[in-house]
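Contents: one structure, followed by commentary.
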Amino acid sequence: MAIKLDLEDIDLKDRKILYELDVDSRQSNAEIARKVGLSKQVVGFRIKRLVKEGLISWFYSIIDISKLGFTIHKNFLRLQDVDKEKETELIAFLKNHPHVVWVASCDGKYDLAFGTWAKDMAFLDKTLAELDHQFGVYISERQIAPIIRGEYFFRDYLIPEKEPSALRKSFFGAVPTPIEMDAQDWKILTTLANHARITTVELGVQLKMSADAVSKRIQKLQAAGVIRHYNIVPNETVYPYLHYKILMGLKNLSEKREKELMEYCRVQPNMVYIVKALGPWEFEIDMEVESAQQLREIMMDLKTKFKDIIKDYSSLHIYQVHKYNFCPSEQKN
């Protein structure tokens, strides 16, 4: 069983390396070394150790799924009459389902959360029908929130007293605008999805292409906005910070106040991801904090500054992410 690390277990150099990997996990060890003041050999050793200790689950490519012709739908489940064995079976079903992109166990209003990609509503209905057929009797409540836009922020909290980072263009939308991609482009994308640090040489060997050809295709995918960025996915069972997802219902929301809310989230160092959604809540905020007390302090400040537009909210403690791969498993016909 994984053991959660204490904050003292990660020194400042490790934090700086984690931060640089979050800024761009495809950076070379030499590039990171120049920024953190270590040799590239020591950086390589430390990254291997962070992976070996299970601190990092994936080096992840942020993909704008709308450029592939798909939309994402979040699902939140409250379970009933389920034992550990049946819950493990349900999680395995979701992890192995080709249309599920994210699965997480949580405490709070819901027990399990997952995301699905879909070509259209009929496609989504078919995926959910498969779930209901096998596990419907164990689901007491389900809420679905189609994502309008998701946006990632840098993990500024890793470096004490750091100024807020500039807004990174790491997001995905909900208006399908597929671009033209061939089979080789698709293979590169699906490989990079959860292996962002794989080299172009390694990719070339897999795909029987030159490293230069692979590099040009990656650059094309980036220029087209398919690949937005490369970052890390921490392992919540080991990572010394607590991961919370805040589901917010809003009221009287003007365009001005929405922009102010998003800017507040950007400059708050512990907020790492926001989602604008449809459904029972309009806004999701993911944050990583040192303690439940820090969460309460941030939420008190948020509620005070935006009391005119916050109707209600629920907090979920995400204690384990089982799957994180927002790249669809197939091309849209």
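Before moving on, here are some points about what is shown:
- Top-ranked residue in the range 223-252 [being part of a loop (DSSP other than H, G, I, E, B) and β-branched (Val, Ile, Thr); ranked as nearest to LYS276 (Cα to Cα)]: VAL226
- Out of LYS84, LYS95, sole residue that is closer than 27 Å to MET181 by Cβ and among the basic types (Lys, Arg): LYS95
- Residue that is surrounded by the most Cβ atoms within 10 Å (Cβ to Cβ) [pool: residues in the range 62-82 that are farther than 15 Å from VAL101 by Cβ and of a type in the set (A, V, I, L, M)]: LEU77
- Where GLY279 falls short, out of the listed (1) of a type outside the set (A, V, I, L, M, F, W, C); (2) under 18 Å from ILE298 (Cα atoms); (3) surrounded by 15 or more Cβ atoms within 10 Å (Cβ to Cβ); (4) at pLDDT below 95: (2)
- Among the residues of the range 275-292, the ones that are in contact (Cβ under 8 Å) with a residue 40 or more places away in the chain and out of contact with any Pro (no Cβ under 9 Å at 6 or more places or on another chain) come to 11 in all.
- Qualifying residue in the range 167-181 (condition: loosely packed, with under 15 Cβ neighbours inside 10 Å, modelled with pLDDT under 80 and charged (D, E, K, R)): yes
- Counting only residues that are without any contact (Cβ under 8 Å) to a residue 40 or more places away in the chain and assigned to a loop (DSSP other than H, G, I, E, B), the range 91-106 holds 1 of them.
- Members of the range 192-212 that are surrounded by 18 or more Cβ atoms within 10 Å (Cβ to Cβ), in contact with a helix residue (DSSP H, G or I) (Cβ under 6 Å, 6 or more places away or on another chain) and either among the polar types (S, T, N, Q) or touching a residue at least 60 places away in the same chain (Cβ under 8 Å) (or both): THR200
- Tallying residues that are farther than 14 Å from PRO328 by Cβ, part of a helix (DSSP H, G or I) and more than 21 Å from the chain's Cα centre (by Cα) within the range 181-222 yields 19.
- Of residues in the range 115-129 being within 11 Å of HIS99 (Cα to Cα) and among the charged types (D, E, K, R), the one surrounded by the most Cβ atoms within 10 Å (Cβ to Cβ): LYS119
- Selected residue (criterion: nearest to PHE59 (Cα to Cα)) from residues of the range 296-330 that are part of a strand (DSSP E or B) and of a type in the set (Ser, Thr, Tyr): TYR324
- Residues of the range 1-37 that turn out to be crowded, with 18+ Cβ neighbours inside 10 Å, in contact with a Ser or Thr (Cβ under 9 Å, 6 or more places away or on another chain) and touching a residue at least 24 places away in the same chain (Cβ under 8 Å), as a count: 3
- Hits in the range 253-283 - residues which are out of contact with any Leu (no Cβ under 9 Å at 6 or more places or on another chain), closer than 19 Å to SER314 by Cα and assigned to a loop (DSSP other than H, G, I, E, B): LEU278, GLY279
- Selection within the range 229-238: residues that are touching an Asp or Glu at 6+ places or on another chain (Cβ under 8 Å) and crowded, with 20+ Cβ neighbours inside 10 Å. The member of this set that is farthest from ALA196 (Cα to Cα) is PRO234.
The values are calculated or read from the model by the stated rules, or taken from the named source; none is laboratory data. Keep in mind that what you see is a predicted model, and the values were worked out from it rather than measured. Please note: Cβ atoms are built from the backbone with ideal geometry, for glycine as well, and neighbour counts cover all protein chains shown.
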